[in-house]
1. How high is the FRET efficiency from Lys44 to Asp117, r the C-beta distance, R0 35 Å, rounded to 0.05?
2. Could you name the lysines whose alpha carbon sits less than 23 Å from that of Lys44, not counting residues in the same chain fewer than 8 places away?
3. Calculate the length of the line joining the C-alpha centroid of segment 25-101 to that of segment 158-208, in whole Å.
4. If I stretch the segment between Gln105 and Asn31 completely, what's the gain in nm (0.36 nm per residue apart, minus their alpha carbon distance), one decimal?
5. Stretched out fully, how many nm does the piece from Thr162 to Leu178 gain, at 0.36 nm a residue minus the Cα gap?
6. Once the piece of chain linking Lys185 and Leu93 is laid out straight, how much longer is it, given 0.36 nm per residue of separation minus the C-alpha distance between them?
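Nothing in this text is a laboratory measurement; each read-out follows from the coordinates by a stated rule. Quick caveat, the model's predicted, so the values are computed rather than measured. As a convention, Cβ positions derive from the backbone with ideal geometry for all residues, glycine included, and neighbour counts pool all protein chains shown.
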Amino acid sequence: MLNGNIKIIKNLIFFCIVILLENCYSSVITNTWQAEDTNKKIIKKVLILAIDNNKDRSIRVKLENHLVNDLTKKGIEAFSAIESYGPLFLSGLQESEAINKIKGQGFDAVLTVVLLDKEKEKHYIPGRITYTPYSMYYRRFWGYYSTVYDRVYEPGYYTENTNYFWESNLYDLSDKSLIYSAQTKSFNPMNLETLADEYGKIISNDLFKKGILH
């Protein structure tokens, strides 16, 4: 009986850990929109195109690659624009030229990613006073005095958080229409790799959940 209870407890602990890991993302979708009858569209090949500022392309490479990997795992043929065609793939082209160039590579749709905003927030964490747990000594002078004297004071401090606000749009190249748009917020990610990994997962999962890709 005891061994059975221990096994149940271990299973519950494992289950709780899995749930916590699945919900500890720093990135969340804040708004989504989709066109009507998107589930009737057949999209097999998608170009992932992150729009950068031409200064630091490291985050673009990571975002595109993670989205490519997550969509590929779900059966969609996806390609990174910067990895496959370079950073200036569409530079200097008119709309019709750009569309024809992408369609000429066999793509059905383009998924764009852009950083709308990046902000830093400062929060003041108040100092704490921790009391030693001997309240019974408060009844005598010396007990009270020594307890108060041994308080541990932790000074307040400032902590800085960084928020990233992203937008992803999926365009159907057959009629150049927007069929899906999502805005996300990434709160204080550990690093760019984590940010790109989480972003790829939540966007790809949402596209399949809403039946836009299938």
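1. Once rounded, the FRET efficiency stands at 0.60.
2. Cross-link targets: Lys62, Lys73, Lys74, Lys101, Lys103, Lys176, Lys201, Lys209, Lys210.
3. Taking the Cα centre of segment 158-208 as reference, the centre of segment 25-101 is 11 Å away.
4. Stretched fully, the Gln105-Asn31 segment lengthens by 23.5 nm.
5. 2.8 nm
6. Gain in length upon complete extension: 30.0 nm.
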